[in-house]
1. Just to check your reading of the model, which residue among 405, 391, 369 is in a strand (DSSP E or B), closer than 19 Å to residue 35 by Cβ, in contact with a strand residue (DSSP E or B) (Cβ under 8 Å, 6 or more places away or on another chain) and at pLDDT 95 or above?
2. Would you check which residues across region 268-278 are within 25 Å of the chain's Cα centre (by Cα) and either surrounded by fewer than 16 Cβ atoms within 10 Å (Cβ to Cβ) or farther than 27 Å from residue 48 by Cα (or both) and list them?
3. Please tell me if residue 232 is within 17 Å of residue 174 (Cβ to Cβ) and within 16 Å of the chain's Cα centre (by Cα).
4. Restricted to region 173-185, and to residues that are under 23 Å from the mean Cα position of the chain (by Cα) and buried (at least 18 other Cβ atoms within 10 Å of the Cβ), which residue is farthest from residue 96 (Cα to Cα)?
5. Please verify whether residue 263 is loosely packed, with under 15 Cβ neighbours inside 10 Å, in contact with a strand residue (DSSP E or B) (Cβ under 6 Å, 6 or more places away or on another chain) and at pLDDT 95 or above, treating the condition exactly as stated.
6. Could you list all residues from region 126-162 that are assigned to a loop (DSSP other than H, G, I, E, B), free of Cβ contacts under 8 Å to residues at least 24 places away in the same chain and either within 9 Å of residue 199 (Cα to Cα) or in contact with a strand residue (DSSP E or B) (Cβ under 9 Å, 6 or more places away or on another chain) (or both)?
7. Out of everything in region 349-372 that is in contact with a helix residue (DSSP H, G or I) (Cβ under 6 Å, 6 or more places away or on another chain) and touching a residue at least 60 places away in the same chain (Cβ under 8 Å), what residue ends up being nearest to residue 198 (Cα to Cα)?
8. Go through region 54-68 and give me each residue that's under 15 Å from residue 82 (Cβ atoms) and over 21 Å from the mean Cα position of the chain (by Cα).
């Protein structure tokens, strides 16, 4: 039997539609059982007095699949942790700075392997610490190569920090990160100090991202905070993400945990940086945000630089930022290995392998993420189109809370992707 062309076409379309209907829906990580597991995990942190309050928000495949909050944002004032709670995100400021810098990269204003001194001449003659002479004076030597812009995006520039065994005191005396410094003054002070190691030799966390902010300021011709507001925060409608919160009453209290007890950090200390605008607008810390605000940032990244009608970065730029930039020759990596089987890209840790044992944090290969000193956390999982934000305000930094949360999301050690 022969069919006319239109009839044959109808039959083919019918067969294809049946096959499409038979195709199972995409498997999701966060189902009802996972939601219950996350609830139980977060609630246990509060019940055990590990944290005062905690909240988590997860999007998957473009939809919100989980939100809940437990405990108190302010125990003393009896204010619950909720969706409107503002928290200090500390180093989760860094990826925001990185995005701002890479916008200028897209405009061709610099290349990653350009010397930093091309744009910040004060770093042209930096020297490297080489020990002490017989009289106890600091010895220095010329660096094997110049600091590059890539170095300041991946923490391999060699800058001193306060924890350096021999020269930590010199860093503190230089008062590099004084709140009354401008970014220009910060850079000038830093450039006069010797490097702790030759550029590219080690991964060492510190002031690199503050130098990124300085670079944004110099290349854009705008104050760093103004540039970030106009080009990242406002386009993404991150309306509460600021150095100084619009409503301090919504800012969560800070707590310190010791010997199983929570002690409130005095507001005079906890709010020192965020209670008023200071000349220093650091790229490495300082922003405050809500879970919804920061989720918009994370969703932009999982979408390849876009969210709603905002185009913040090109897709290839996001991929570059989420690509490991550390070679195997970089053996010294401070505490980076505590983050799991990771390398480091441009302002993100990047997962290279799944967990190799039950004590490691789980996650999907290719995820990129960062966290903050008060134990906040976010990650972007491109493989599963999943983004997660965890907010808490607790010191000291709590790796086990992060591990337990990721276990609750993905399941414990084993396969992490469907």
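The values are calculated or read from the model by the stated rules, or taken from the named source; none is laboratory data. Since the model is a prediction, treat every value here as computed from it, not as a measurement. Counting neighbours? That spans all protein chains shown, and the Cβs are built from the backbone with ideal geometry, glycine included.
1. Values: 405 fails: in a strand (DSSP E or B); 369 fails: closer than 19 Å to residue 35 by Cβ.
Testing whether each residue is in a strand (DSSP E or B), closer than 19 Å to residue 35 by Cβ, in contact with a strand residue (DSSP E or B) (Cβ under 8 Å, 6 or more places away or on another chain) and at pLDDT 95 or above leaves just 391.
2. 269, 272, 273, 274, 275, 276, 277, 278
3. On the way: within 17 Å of residue 174 (Cβ to Cβ): no; within 16 Å of the chain's Cα centre (by Cα): yes.
No: the conditions fail for residue 232.
4. The selected residue is 176.
5. On the way: loosely packed, with under 15 Cβ neighbours inside 10 Å: yes; in contact with a strand residue (DSSP E or B) (Cβ under 6 Å, 6 or more places away or on another chain): yes; at pLDDT 95 or above: yes.
Judged against the criteria, residue 263 is a match.
6. We begin by selecting, within region 126-162, every residue assigned to a loop (DSSP other than H, G, I, E, B); these are 126-127, 133-137, 142-147, 155-162.
Restricting the remaining residues to those that are free of Cβ contacts under 8 Å to residues at least 24 places away in the same chain gives 133-137, 142, 162.
Hits for region 126-162 are 133, 142.
7. Step by step, filter region 349-372, then rank; the result is 370.
8. Listed by number, the list holds a single entry, 68.
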